[in-house]
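First up is the structure itself, then whatever we jot down about it.
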Protein chains: 2
Amino acid sequence: MDGQELAYRYRAYIACLNERRFDELGLYVSEDARHNGRTLGVDGYRAMLERDVHDIPDLVFHIELLICEPPKIAARLRFDCHPAGLFLGIKVNGRRVEFCENVIYEFRDGRISEVWSVIDKQAIETQLE
Amino acid sequence: MDGQELAYRYRAYIACLNERRFDELGLYVSEDARHNGRTLGVDGYRAMLERDVHDIPDLVFHIELLICEPPKIAARLRFDCHPAGLFLGIKVNGRRVEFCENVIYEFRDGRISEVWSVIDKQAIETQLE
């Protein structure tokens, strides 16, 4: 896959998340996918996403920046949402928060095999001060 | 600059930081450089770095992952250090912490013009619990 194809595939993955088509996750996520050092596989990855959208019902992934060098992609994702209760240990309790996630993915055979994600917790804390 | 040249330039920038050659920062950082939405310029950027190494005397930037698509670069940087006092609002007080920063840079004319950085604050909090 060249850079353009990989970026296209990544955008399809993000659309899958935003449309909550979690049954299709196996198209985009490898069977032994790892996330921040933990092996999740497709099932664990899906469980993580289901927990995320349970905790943040209006969660929408917006791609702000995309840097593509196959087999890796880096993205800056932006969120504007209302976490229902606790989020990253912060008592958000339904308030609106805007924050970013800088995240790097490695792909294998067109599917995500590893994810290194950092969420801007400090930005959330600053907004709620 | 192609991807290889840009990556080479980025590694030279990181070496400049690790060797504390801040007088040379203007070779790598644009005069109107922005960092997380704030215009710092070279002087403001240098002041930020000098504050960082004051707060963390043993700060070393280690490139763990590098994704290069000119004019942008994304990196996962790893740190293993002893912040002297407060760091990101956390009372580290000289204890050892390991953490990552996922950071995206835009280059213009071979110099950094914009930076979007997120530090894994949660990882630090978890280590100090």
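The values are calculated or read from the model by the stated rules, or taken from the named source; none is laboratory data. Just so we're clear, the structure is a prediction, and the values are computed from it rather than from any experiment. Cβ: placed from backbone, ideal geometry, glycine included. Neighbour counts: every protein chain shown. For the accessible areas, the whole protein counts, side chains as well, though only heavy atoms, and no ligand, DNA or RNA atoms are used. Shrake-Rupley method; radii C 1.70, N 1.55, O 1.52, S 1.80 Å.
None of A:GLU125, A:GLU64 is under 16 Å from B:ILE119 (Cα atoms) and charged (D, E, K, R) except A:GLU125.
Comparison of B:ILE112, B:ILE73 shows that the only residue that is in contact with a Phe, Trp or Tyr (Cβ under 6 Å, 6 or more places away or on another chain), more than 11 Å from chain A (Cβ to nearest Cβ) and part of a strand (DSSP E or B) is B:ILE112. Quick one: would you say B:ALA33 is in a strand (DSSP E or B), over 13 Å from the mean Cα position of the chain (by Cα) and small (Gly, Ala, Ser)? Considered against the rule, which asks whether it is in a strand (DSSP E or B), over 13 Å from the mean Cα position of the chain (by Cα) and small (Gly, Ala, Ser), B:ALA33 comes out as yes.
Taking segment B:1-21 as the range and being part of a loop (DSSP other than H, G, I, E, B) and either within 22 Å of B:GLU69 (Cβ to Cβ) or within 14 Å of another protein chain (Cβ to nearest Cβ) (or both) as the test, the residues that pass are B:MET1, B:ASP2. Scanning segment A:101-129 for residues that are among the β-branched types (Val, Ile, Thr), open to solvent by 10 Å² or more (accessible area, probe 1.4 Å) and over 15 Å from the mean Cα position of the chain (by Cα) yields one hit, A:THR126. Could you list all residues from segment B:76-90 that are small (Gly, Ala, Ser) and either under 19 Å from A:GLU69 (Cα atoms) or within 12 Å of chain A (Cβ to nearest Cβ) (or both)? B:GLY89, the sole residue that qualifies.
The one condition from (1) open to solvent by less than 60 Å² (accessible area, probe 1.4 Å); (2) on the phi < 0 side of the Ramachandran plot that A:LEU88 does not meet is (2).
Looking at B:GLU24, is it acidic (Asp, Glu) and assigned to a strand (DSSP E or B)? Here the answer is no, as B:GLU24 does not meet what is asked. When the test is whether a residue is hydrophobic (A, V, I, L, M, F, W, C), touching a residue at least 60 places away in the same chain (Cβ under 8 Å) and open to solvent by 70 Å² or more (accessible area, probe 1.4 Å), A:LEU6 does not pass it. Please determine whether any residue of segment A:29-47 is hydroxyl-bearing (Ser, Thr, Tyr) and surrounded by fewer than 19 Cβ atoms within 10 Å (Cβ to Cβ). Yes, segment A:29-47 has at least one match.
Every listed requirement among (1) within 10 Å of another protein chain (Cβ to nearest Cβ); (2) of a type outside the set (Gly, Ala, Ser); (3) touching a helix residue (DSSP H, G or I) at 6+ places or on another chain (Cβ under 8 Å) is met by B:GLU125 save one, (3).
Just checking, does segment A:42-55 include any residue being within 14 Å of another protein chain (Cβ to nearest Cβ), touching a strand residue (DSSP E or B) at 6+ places or on another chain (Cβ under 7 Å) and either among the acidic types (Asp, Glu) or more than 27 Å from B:ILE67 (Cβ to Cβ) (or both)? No: segment A:42-55 contains no residue that is within 14 Å of another protein chain (Cβ to nearest Cβ), touching a strand residue (DSSP E or B) at 6+ places or on another chain (Cβ under 7 Å) and either among the acidic types (Asp, Glu) or more than 27 Å from B:ILE67 (Cβ to Cβ) (or both).
As a summary of the residue check, B:ILE67 satisfies the conditions (1) without any contact (Cβ under 8 Å) to a residue 60 or more places away in the chain; (2) assigned to a strand (DSSP E or B); (3) within 14 Å of B:ILE14 (Cα to Cα) except for the one numbered (3). Scanning segment B:91-100 for any residue that is within 14 Å of chain A (Cβ to nearest Cβ) and open to solvent by 50 Å² or more (accessible area, probe 1.4 Å) turns up at least one such residue.
Exposed (fewer than 13 other Cβ atoms within 10 Å of the Cβ) and not aliphatic (A, V, I, L, M) - does that describe any residue in segment B:63-77? Scanning segment B:63-77 turns up no residue that is exposed (fewer than 13 other Cβ atoms within 10 Å of the Cβ) and not aliphatic (A, V, I, L, M).
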